[in-house]
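This report refers to the structure that appears directly beneath it.
The values are calculated or read from the model by the stated rules, or taken from the named source; none is laboratory data. Here the structure is a predicted model, which is why all the values come from computation and not from measurement. So basically every Cβ, Gly included, is an ideal-geometry build from the backbone, and we count neighbours across all protein chains shown. Surface areas here come from the heavy atoms of the whole protein model, side chains and all, with no ligands, DNA or RNA. Shrake-Rupley method; radii C 1.70, N 1.55, O 1.52, S 1.80 Å.
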Amino acid sequence: MWSFIHKLGSPPWFFRFGGSLVRWLLPLTLILLLVGAFWGLLVAPPDFRQGNSYRIIYIHVPAAVVALAGYYVMALAGAISLIWRIKMADIAMKAAAPVGAVLTGIALVTGAIWGKPTWGTWWVWDARITSMLILFFLYLGVVALFEAYENKAAAAKACAVLSLVGTVNIPIIYKSVDWWYSLHQPASIKFTGESAIDASMLYPLLLMIVAFYGLFAVTVVMNMRAELIWHHRQSAWVRQWAGLD
Amino acid sequence: MHPRRKQRLVWVSLIVVLSSAAIGLTAFALRDNINLFYPPADVVAGKAPSDRNIRLGGMVVEGSIERSDTNLTTQFVVTDYEGSVAVRYTGILPDLFAEGQGVVAEGRLDGEGVLVATQVLAKHDENYMPPEVAAALEGKSKASVAPVSP
Amino acid sequence: MYFDSIAAVIDMNGHGLYVWLAYAITVTLLFWLLWAPLRQLRVRRLWVIAEGHRRAVSDEPQSESAHQRDEADKTFSDSSETQG
């Protein structure tokens, strides 16, 4: 166990390990996405009240769920980077930020598109939607901050502090629909007790959530590999990988 | 753990705890503004301002919808089972607007305590089910509707 | 299968525009998310190869070659933009 964690910190080892991970996880994720989208779009029944517009749930909810979980991944990498000064943690943080930003963007845009036919408006400044917008800006802030610094160590430190400060937003997003009066409805999937969504609609949703987790893992590892190559472009193992020597 | 790392761990924990406290207190202080709407009970109790636009949220009372024959004006009553407020709105209502459904109306209170709305939004709940299941639940299930497995 | 014709799938009882727009935007963004690191890796591999050839050709002092490398980096990234 410890030796595995130790190996994760080694750039050439992680690069090879990540490569083989992507090779099987990427096709698996794409298959899950296709099956889940097909199931949700064409097989699942319509909702008794919303009709077919609810089918946006199959991308909106997974994108939002993984955007929140991904923030914890980024903040954890930030904490590791601050405490143990492990370079791989900096790289993981830098790799996760754009993925999280895109997923949050998807959740916001699909939510707006869903809001128009169901609520009657694209946008409303309620607690859930506003806190989600803040999450989007936090992700973008980390992306921008990494670019703003010449010094990589200073950039990683600033980004780690920003992502740690931002973690407070995550429970706020989760609980916003319970703590305040909002237009957004409370969660349908419940970890304790029966879900408020029929099984025939729930299964494709769970499948899509798993697929989006896979997608997050694959894209973060792919970003990390591209970043590692650039960090170590002068080292022997990269030259070997490129086919030199 | 190495003492320097331990010290950094303390700093990291402090960042998280202090920023959480700061933002938590801010949210608590601003809680009235974070709420998107007033429940009817608060409006009845006079807690909502009458000199500016407010949002009212609640359930449309069954049988309370009155549609005008000549224009798009609709009047209905919104309740939270503790208080009720009448709403008058001229315009196109969202598809999901119906009796017994959640609604958020934005507008200004007139002298008689009626909310003259400029916008009405439908607030749907967290329940998703196929039409057959909904019909079965309402006790309208006919022989043609297949029994639904739980 | 819930729908019984292609037209019904596209229309979705009037909600087709919303549903398909949401899915189209998502597919585009996810595709970009997967494609960007693959392209980056390809471009960087070419840079490493080009750098290797430059080193093999020139036997200049360290500072000089470092300067050249920066220049090459710039021109390379410029050309890679037009490639992409």
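A few points about this structure:
- For region B:32-44, the criterion of being assigned to a loop (DSSP other than H, G, I, E, B) and open to solvent by 80 Å² or more (accessible area, probe 1.4 Å) is satisfied by no residue at all.
- Any hit, region C:11-20, residues being in a helix (DSSP H, G or I), at pLDDT below 90 and either more than 7 Å from chain A (Cβ to nearest Cβ) or closer than 21 Å to residue A:235 by Cα (or both): yes
- Single unsatisfied condition, residue A:124 versus (1) outside any helix (DSSP H, G or I); (2) open to solvent by less than 20 Å² (accessible area, probe 1.4 Å); (3) free of Cβ contacts under 8 Å to residues at least 40 places away in the same chain; (4) not polar (S, T, N, Q): (3)
- Residue B:92 being out of contact with any Pro (no Cβ under 7 Å at 6 or more places or on another chain) and over 29 Å from residue C:15 (Cα atoms): no
- Restricting attention to region A:132-165 and to residues that are of a type in the set (Gly, Ala, Ser) and crowded, with 21+ Cβ neighbours inside 10 Å, the residue that is farthest from the other protein chains (Cβ to nearest Cβ) turns out to be A:156.
- Candidate set from region A:108-121 (those that are in a loop (DSSP other than H, G, I, E, B) and surrounded by 19 or more Cβ atoms within 10 Å (Cβ to Cβ)); member that is farthest from the other protein chains (Cβ to nearest Cβ): A:119
- Residue count for region A:173-199 under the criterion of being farther than 15 Å from residue A:61 by Cβ and either surrounded by fewer than 18 Cβ atoms within 10 Å (Cβ to Cβ) or more than 7 Å from chain B (Cβ to nearest Cβ) (or both): the result is 8.
- The one condition in (1) open to solvent by 60 Å² or more (accessible area, probe 1.4 Å); (2) under 19 Å from the mean Cα position of the chain (by Cα); (3) at pLDDT below 95 that residue A:72 fails to fulfil: (3)
- Close pairs (8 angstrom Cβ cut-off, 6 or more residues apart or separate chains): of a type in the set (Val, Ile, Thr) and in a helix (DSSP H, G or I) in region A:163-184, surrounded by fewer than 18 Cβ atoms within 10 Å (Cβ to Cβ) and at pLDDT 90 or above anywhere: A:170/A:72
- Candidates B:126, B:112, B:99, B:82: the one that is assigned to a loop (DSSP other than H, G, I, E, B) and under 17 Å from residue B:50 (Cα atoms) is B:112.
- Test for residue B:31: is it over 20 Å from residue B:124 (Cα atoms) and modelled with pLDDT of 85 or more: no
- Within the span defined as region A:210-223, one or more residues are touching a Lys or Arg at 6+ places or on another chain (Cβ under 9 Å) and either in contact (Cβ under 8 Å) with a residue 24 or more places away in the chain or in a helix (DSSP H, G or I) (or both).
- Residue count for region B:134-145, restricted to those that are within 12 Å of another protein chain (Cβ to nearest Cβ) and either modelled with pLDDT of 85 or more or open to solvent by 60 Å² or more (accessible area, probe 1.4 Å) (or both): 3
- Region C:21-35, subset over 13 Å from residue A:37 (Cβ atoms) and within 9 Å of chain A (Cβ to nearest Cβ), residue surrounded by the fewest Cβ atoms within 10 Å (Cβ to Cβ): C:32
- Every residue from region A:22-52 that is within 14 Å of chain B (Cβ to nearest Cβ) and of a type in the set (Lys, Arg): A:49
- When region A:183-201 is filtered for residues that are in contact with a helix residue (DSSP H, G or I) (Cβ under 7 Å, 6 or more places away or on another chain) and among the charged types (D, E, K, R), only A:198 remains.
- Residue within region A:75-88 that is more than 9 Å from every other protein chain (Cβ to nearest Cβ), at pLDDT 95 or above and closer than 23 Å to residue C:35 by Cα present: no
- Selection within region B:1-31: residues that are among the charged types (D, E, K, R) and under 24 Å from residue A:74 (Cα atoms). The member of this set that is most open to solvent (accessible area, probe 1.4 Å) is B:4.
- Of all residues in region B:34-66, those that are within 22 Å of residue B:124 (Cα to Cα) and over 15 Å from the mean Cα position of the chain (by Cα) total 5.
- Within region A:30-47, the only residue that satisfies the criterion of being surrounded by fewer than 22 Cβ atoms within 10 Å (Cβ to Cβ) and closer than 17 Å to residue A:115 by Cα is A:46.
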